[in-house]
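What follows is a single structure, written as structure tokens, with notes after it.
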């Protein structure tokens, strides 16, 4: 077999696990949550960007008017707290996590931003916001679905 063909086939087998599409990213996220694998779960997020969007939305001009240093400190602190919370919740207390039955659907996909719905039996659907960062779709925010 041609060496380039082998490399191409190998690359194709890796695509779903590295976020080839927003839905693939959502499925990989659900799989990591189902398996209680915090490291795999976290690799689908850009925590700094997630924290920045959250703080901008929640605090608006107050956050924007901070000095660059204070804004970056707030972003990194929130991202660290978010990572710690995800790692703590990665170990389910009893039974199978609800994410094992997650339903993921594409809402909208553009060149740089996409949205998917993420629904589990125990939680209301949410819309996850993804951005293409270094060629991979990363979760950078969410909204409650209506």
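Some notes on this structure:
- Any chance residue 84 is under 22 Å from the mean Cα position of the chain (by Cα) and at pLDDT below 90: no
- Taken over the range 30-64, the criterion of being in a helix (DSSP H, G or I), touching a residue at least 60 places away in the same chain (Cβ under 8 Å) and crowded, with 21+ Cβ neighbours inside 10 Å is satisfied by 30, 33, 50.
The rows are residues; the columns are (1) under 14 Å from residue 29 (Cβ atoms); (2) touching a helix residue (DSSP H, G or I) at 6+ places or on another chain (Cβ under 8 Å); (3) at pLDDT 90 or above; (4) not in a loop (DSSP other than H, G, I, E, B).
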| site | (1), (2), (3), (4) |
| --- | --- |
| 93 | no, no, no, no |
| 99 | yes, yes, no, yes |
| 124 | no, no, no, yes |
| 127 | yes, no, yes, yes |
| 132 | no, no, yes, yes |
| 146 | no, no, no, no |
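- The number of residues in the range 129-146 that are within 16 Å of residue 52 (Cβ to Cβ) and in contact (Cβ under 8 Å) with a residue 60 or more places away in the chain comes to 8.
The values are calculated or read from the model by the stated rules, or taken from the named source; none is laboratory data. Since the model is a prediction, treat every value here as computed from it, not as a measurement. Note that we place each Cβ from the backbone using ideal geometry, even for glycine, and neighbour counts take in every protein chain shown.
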